Every structure is written in C-alpha cells, then in structure tokens.
Amino acid sequence: MNINDLILIVKKKINESISIENIDIEDKTFLHKSHKTHDEKKFHLKLIIKSSELKKMQKIQSTRKIYAILKEELDLYIHSIQILIH
C-alpha cells in the first residue's frame, strides 16, 4: 500500500461513518525513519478533523470511534496516528 492510497481510504471510511465538515491527513512517517522500530510498510498519520459530531463527544470516545472505523488499516498499514478534532 502506498501513502496516497492509504490517505484516500482513510478519508473515505471516515466520511462514510462520521458527519464531518473537513478532514486533512498528513503523512508524518519521515519523522520516524531513524527509529529502530520503523517499518517501511507502515505509516505515521496525523488526522485533523472538523466535526461537530466528534466535538460533542469526550476525547476518548471520539478516538475510540475513529480507531474502530480504521481497525483494518491500523492493523496492517498504520504504525501511529495522531488525531486532532476541531
């Protein structure tokens, strides 16, 4: 899986599952390339989501919801994920 395909899949899954106004996804993998545990097949993503639905939830609830939506991608292609909700 390449990063561009992964970003498209993540956006599609989140858009289909949550009411959002906007989503930006940044590839932060380059920050971790020197780490001993770095895996070339897994990526580090930063999600910046504008969603009144998620904003109404407690942070832990919104994070769990996103993790559930992206379970397959987290298992296979994402090493770490940073989530910002506005």
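The values are calculated or read from the model by the stated rules, or taken from the named source; none is laboratory data. Everything numeric here is computed off the predicted structure, so don't read it as measured data. Cβ: placed from backbone, ideal geometry, glycine included. Neighbour counts: every protein chain shown.
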Enumeration of residues in segment 1-45 that are among the polar types (S, T, N, Q), modelled with pLDDT of 95 or more, touching a helix residue (DSSP H, G or I) at 6+ places or on another chain (Cβ under 9 Å) and not in a loop (DSSP other than H, G, I, E, B): 17
Unmet criterion (only one of (1) over 12 Å from the mean Cα position of the chain (by Cα); (2) at pLDDT 95 or above; (3) of a type in the set (S, T, N, Q)) for residue 82: (1)
Total residues in segment 4-27, condition exposed (fewer than 14 other Cβ atoms within 10 Å of the Cβ) and not small (Gly, Ala, Ser): 10
Helices (runs of 4 or more DSSP H) lying entirely in segment 46-86 (those with 2 or more residues that are hydrophobic (A, V, I, L, M, F, W, C) and either buried (at least 16 other Cβ atoms within 10 Å of the Cβ) or in contact with a Pro (Cβ under 6 Å, 6 or more places away or on another chain) (or both)): 59-69
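Residues in segment 68-75: is at least one among the β-branched types (Val, Ile, Thr), more than 15 Å from residue 11 (Cα to Cα) and touching a residue at least 12 places away in the same chain (Cβ under 8 Å)?
No: zero hits.
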